[in-house]
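Peer 1: Take this structure first; my questions come after.
FYI, it's all coordinate maths here, none of it is from the lab. Predicted model, so just to flag it, every value in this text is computed and none were measured. Because the Cβ atoms are built from the backbone with ideal geometry, glycine has one as well, and the counts that use them run over all protein chains shown.
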Amino acid sequence: MEITAAIKAEAARLGFSLCGITSALPPPHHRHYTQWLAEGQAGEMLYLQRQEPKRGDLSQVLPNARSVVCVALNYSPDEGRGAATVPIARYARFDDYHEILWARLESLLEFIHTLEPKANGKVYCDTGPITERDLAMRAGLGWIGKHTNLISRDLGNWFFLGEILLDIPLPLDTPETTHCGTCTRCLPACPTGAITAPYQLDARRCISYLTIELKGSIPEELRPLIGARIYGCDDCLAVCPWNKFAVRTTDPALSPRADLTAPDLLELLALDDEAFREKFKNSPIKRTKRRGLLRNVCVALGNLGDPSALPALEYAAESDPEPLVREHAAWAVSRITAK
Ligand code: B12
Ligand code: SF4
């Protein structure tokens with residue numbers, strides 16, 4: 001069997017829904033990335049600044065990099081038409097996808113070594129200096145939508161990306177072209193106006209950034225727009241009409257945790273450090289640490305406006321060990337009592 005056909009067959013066996021191969025040439029939209037950083041749109045995600053030179057020159061990541069195997073893992077919990085607004089983004093309701101993808105990519109690399117023992121390879125998923133969507137589009141997996149996520153004809157919006165960088169040349173797949181046409185549904189769907197123009201996302205306004213990546217205080221003017229979301233946001237993805245092609249994942253590693261589908265916010269507000277670590281041990285939610293999640297819970301409770309949350313919020317505003325949580329709890333109390 002031809003090498004790329006063998007790699008793709010093995011990727012499918014490992015549970016990846018899509019697999020394509022592109023060259024290790026600079027990602028086609030790298031210029032936009034550099035400009036986006038220069039405009040400060042990355043906010044406090046300083047690692048994106050540090051990664052800039054490597055992202056534009058993959059031979060700094062892997063000497064003599066020649067090709068990139070790009071894969072997608074479908075995580076759709078339904079046929080793609082589920083309700084948009086949920087407190088916890090879909091991807092964060094099951095075990096940490098980084099670990100799931102990483103282990104499978106390592107297995108795929110081992111398989112490639114059985115075919116090409118001399119090949120050197122590096123596995124990536126999310127955390128490394130790789131512009132994943134741009135490369136995946138060039139590998140033919142899908143196209144960058146106006147909300148900046150990759151959309152696939154076969155999977156809609158609900159999938160993760162991963163890559164293996166290799167120092168061997170491989171036959172390349174044909175890049176995908178854009179198929180958004182005149183549709184602009186994702187732009188007005190964004191609660192905070194973070195999609196400032198097609199293909200332009202100001203991360204500083206995105207709820208995913210505000211509730212996950214931002215470590216400090218959430219700007220007050222944006223808090224009311226966050227609604228009841230406490231971890232990430234799916235609204236721009238959920239309105240995309242291409243989701244009509246989404247298929248429910250049958251991957252056993254991706255079953256949503258029942259307690260994260262409709263979480264009890266007051267229970268979360270009562271978690272101490274140890275209970276937080278225990279509850280979110282294998283979950284991506286551990287990323288925010290207790291203080292970040294409880295900050296978000298306070299904002300959500302303030303926005304929900306239910307006075308029965310007042311005693312717990314007043315207690316947190318007075319007694320929580322974290323100043324960040326105390327400040328957001330006090331904001332929530334004043335928002336509820338002002339109503
Ligand atoms: C930083 C980051 C974020 C930041 C910034 C998001 C962003 N849009 O950049 C924040 C925290 C906000 C975020 C949020 C989310 N993220 Co995120 N994130 C990343 C990360 C680590 C880097 C992304 C990046 O480089 N951004 C820089 C900017 C400049 O890139 P860009 O917005 O994609 O812009 C490009 C295009 O717009 C293009 N461009 C410009 N003009 C034009 C014109 C045309 C015609 C075209 C075609 C392209 C184009 O040029 C730019 C440079 O490539 C990647 C993993 C990785 N290493 O790539 C995951 C990643 C992009 N995230 C992912 C996910 C799932 C999410 C969320 C859905 C999570 C959630 N539910 O809360 C949201 C979606 C929000 C959104 N609308 O993007 C997935 C996306 C999978 C997919 N199918 O696309 C990734 C790939 C992680 C993974 N391995 O699966 N994320
Ligand atoms: S994830 Fe939510 S806040 Fe971020 S761009 Fe999409 S709709 Fe806007």
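Peer 1: What shape does segment 3-166 take by its C-alpha gyration tensor, where a ≥ b ≥ c are the square roots of the eigenvalues and a/c under 1.5 counts as rounded, a/b above b/c as prolate, and the rest as oblate?
Peer 2: Details: a/c = 1.74, a/b = 1.08, b/c = 1.61.
Oblate, since a/c reaches 1.5 and b/c is not below a/b.
Peer 1: Also, quick follow-up: Multiply the residue separation of Lys289 and Thr337 by 0.36 nm, subtract the distance between their alpha-carbon atoms, and state the gained length in nm to one decimal.
Peer 2: Values: separation 48, 0.36 × 48 = 17.28 nm, distance 2.83 nm.
Stretched out fully, the Lys289 to Thr337 stretch lengthens by 14.4 nm.
Peer 1: Quick one: His32, His147, fewest Cβ neighbours within 10 Å first, how do they rank?
Peer 2: On the way: His32 16, His147 26.
Placing the least packed residue first, the sequence is His32, His147.
Peer 1: If you place +1 on the Cβ of every Lys and Arg and -1 on the Cβ of every Asp and Glu, how big does the dipole about the Cα centre of segment 22-165 come out, in debye to the nearest 20? Walk me through the numbers before you get to the answer.
Peer 2: Numbers: 15 positive and 17 negative charges, 80 e Å.
Computed about the Cα centre, the dipole is about 380 debye.
Peer 1: Less than 12 Å Cβ to Cβ from Phe280, Lys/Arg counted +1 and Asp/Glu -1: what total charge do the surrounding residues give? Mind showing how you got there, number by number?
Peer 2: Details: positive: Arg93, Arg257, Arg277, Lys279, Lys281, Lys286, Arg287, Lys289, Arg290; negative: Asp95, Asp96, Asp259, Asp273, Glu274, Glu278.
Taking every other residue near Phe280 into account, the sum is +3.
Peer 1: With a ≥ b ≥ c taken as the square roots of the eigenvalues of the C-alpha gyration tensor of segment 264-339, please select rounded if a/c is under 1.5 and otherwise prolate if a/b is larger than b/c or oblate if it is not? Numbers along the way, then the final one.
Peer 2: Details: a/c = 2.17, a/b = 1.85, b/c = 1.17.
In terms of gyration-tensor shape, prolate.
Peer 1: Among Glu274, Glu163, Glu322, determine the one that fluctuates most according to a GNM of the chain built with springs between C-alpha atoms less than 10 Å apart.
Peer 2: Largest GNM mean-square fluctuation: Glu274.
Peer 1: Among Val325, Thr337, Pro311, pick out the residue whose Cα is farthest towards the positive end of the charge dipole of segment 264-339, where Lys and Arg carry +1 and Asp and Glu carry -1 on C-beta, about the Cα centre.
Peer 2: Val325
Peer 1: Where Rh is the Kirkwood radius over the Cα pairs of segment 150-209, the temperature 25 °C and the viscosity 0.890 mPa s, what D in µm²/s does Stokes-Einstein return? If you can, show how the numbers build up before the last one.
Peer 2: Working: Rh = 14.6 Å.
D = 168 µm²/s.
Peer 1: Amide H neighbours of Tyr231 under 5 Å, counting only residues 5+ apart in sequence or on other chains, H built in-plane at 1.01 Å?
Peer 2: Ala89
Peer 1: Another question, if that's okay. So, with +1 on the Cβ of K and R and -1 on the Cβ of D and E, and no other charges, what is the size of the charge dipole of segment 264-339 about its Cα centre, to the nearest 20 debye? Let's see the in-between values first.
Peer 2: On the way: 12 positive and 12 negative charges, 88 e Å.
The dipole magnitude comes to about 420 debye.
Peer 1: Pull the list of the chain cysteines that no other Cys approaches to under 4.7 Å, Cβ to Cβ.
Peer 2: Cys19, Cys70, Cys125, Cys180, Cys183, Cys190, Cys206, Cys233, Cys240, Cys298
Peer 1: Something else now. At 222 nm, what helix-only mean residue ellipticity would the chain give, in deg cm²/dmol to the nearest 500, using -39500 (n - 2.57) for each DSSP H run of four or more? Walk me through the intermediate numbers first.
Peer 2: Numbers: 14 runs with 122 residues, N = 339.
One gets -10000 deg cm²/dmol as the mean residue ellipticity at 222 nm.
Peer 1: Output wanted: per-residue J couplings in Hz (rounded whole) for segment 148-165, from phi through Karplus 6.51 cos²θ - 1.76 cosθ + 1.60, θ = phi - 60°, x for Gly and Pro.
Peer 2: Karplus-based 3J(HN,Hα) across segment 148-165 equals 6, 8, 7, 10, 10, 4, 8, 10, x, 9, 9, 7, 9, 10, x, 9, 10, 8 Hz.
Peer 1: What is the angle, in °, between the Cα long axis of helix 323-338 and the longest principal axis of the Cα atoms in the chain? Nearest 10 is fine, range 0 to 90.
Peer 2: Relative to the chain, helix 323-338 is tipped by roughly 60 degrees.
Peer 1: Please give the net charge around Ser308, taking every other residue with its beta carbon less than 14 angstrom from that of Ser308, where Lys and Arg add +1 and Asp and Glu add -1.
Peer 2: -3
Peer 1: Continuing with this model, one more query. Filter the cross-link list Lys8/Lys118; Lys281/Lys339; Lys8/Lys122 down to pairs whose alpha-carbon distance in this structure exceeds 28 Å.
Peer 2: On the way: Lys8/Lys118 20 Å; Lys281/Lys339 37 Å; Lys8/Lys122 17 Å.
From Lys8/Lys118; Lys281/Lys339; Lys8/Lys122, over 28 Å: Lys281/Lys339.
Peer 1: Now, a different point. Quickly work out the His30-to-Lys244 label distance, labels modelled 7 Å from Cα along the C-beta direction, and quote it in nm with one decimal.
Peer 2: 3.9 nm
Peer 1: About the Cα centre of the chain, how large is the charge dipole given +1 on each Lys and Arg Cβ and -1 on each Asp and Glu Cβ? Please answer in debye to the nearest 20. Could the numbers behind the result be given before it?
Peer 2: On the way: 38 positive and 42 negative charges, 110 e Å.
Using only the charged Cβ atoms, the result is roughly 520 debye.
Peer 1: Test of understanding: ordering Trp36, Trp158 by Cβ neighbours within 10 Å, fewest first, what list do you get?
Peer 2: Numbers: Trp36 18, Trp158 27.
Lowest to highest Cβ neighbour count: Trp36, Trp158.
Peer 1: Angle between the Cα long axis of helix 310-319 and the longest principal axis of the chain, 0 to 90 degrees, nearest 10?
Peer 2: The angle comes out at about 80 degrees.
Peer 1: While we're here: Sort 118-125, 87-94, 307-314, 168-175 by the packing proxy (mean of other Cβ within 10 Å over each peptide's residues), most packed first.
Peer 2: By packing density, highest mean first, the sequence is 87-94, 118-125, 307-314, 168-175.
Peer 1: In Å³ and rounded to a whole number, note down the convex hull volume per residue for the Cα atoms of the chain. Working shown, then result.
Peer 2: Details: hull volume 45.7 nm³, N = 339.
Dividing the Cα hull volume of the chain by its residue count gives 135 Å³.
Peer 1: Here is a follow-up. Let me check I've understood the local charge: for Gln51, count other residues with C-beta under 15 angstrom from its C-beta, Lys and Arg +1, Asp and Glu -1. What total comes out? Walk me through the numbers on the way to the answer.
Peer 2: Values: positive: Arg50, Lys54, Arg55, Lys122, Arg133; negative: Glu44, Glu52, Asp57, Asp126, Glu132, Asp134, Glu163, Glu213.
Cβ neighbours under 15 Å give a net charge of -3.
Peer 1: Separate question: Taking the 0 to 90 degree range and rounding to the nearest ten, how far is the long axis of helix 3-13 tilted relative to the main principal axis of the chain, both from C-alpha atoms?
Peer 2: Roughly 30 degrees between the two axes.
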